[in-house]
């Protein structure tokens with residue numbers, strides 16, 4: 001699921017990648033978009049992403065870069081990598 005969603009987003013011109021996480025003892029795979037250098041660039045990408053997915057998109061700073069995400073109940077947080 002996660003790799004498929006990341007591939008779909010990448011095909012749409014987004015910089016998507018999969019990040020592993022352990023939540024309540026279970027492996028989950030988060031699809032992230034970004035690593036943008038500026039907040040402005042990330043917000044522009046969030047506006048573009050919002051056109052192709054349901055739900056609100058947030059911008060967060062992680063490791064000196066900006067990434068996009070949605071709530072974990074939606075498709076960008078997947079219980080299966082593939």
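Tell me the label-point distance for the pair residue 21, residue 4, using the 7 Å Cα-to-Cβ offset, in nm and rounded to one decimal. Label at residue 21, label at residue 4, 2.1 nm between them. Taking every alpha-carbon pair under 8 Å whose residues sit at least 6 apart, segment 1-44 reaches a relative contact order of 32 percent.
No lab work stands behind these numbers, since they all come straight from the coordinates. The shown structure was predicted, so the numbers you read here are calculated from the model rather than taken from an experiment. So basically every Cβ, Gly included, is an ideal-geometry build from the backbone, and we count neighbours across all protein chains shown.
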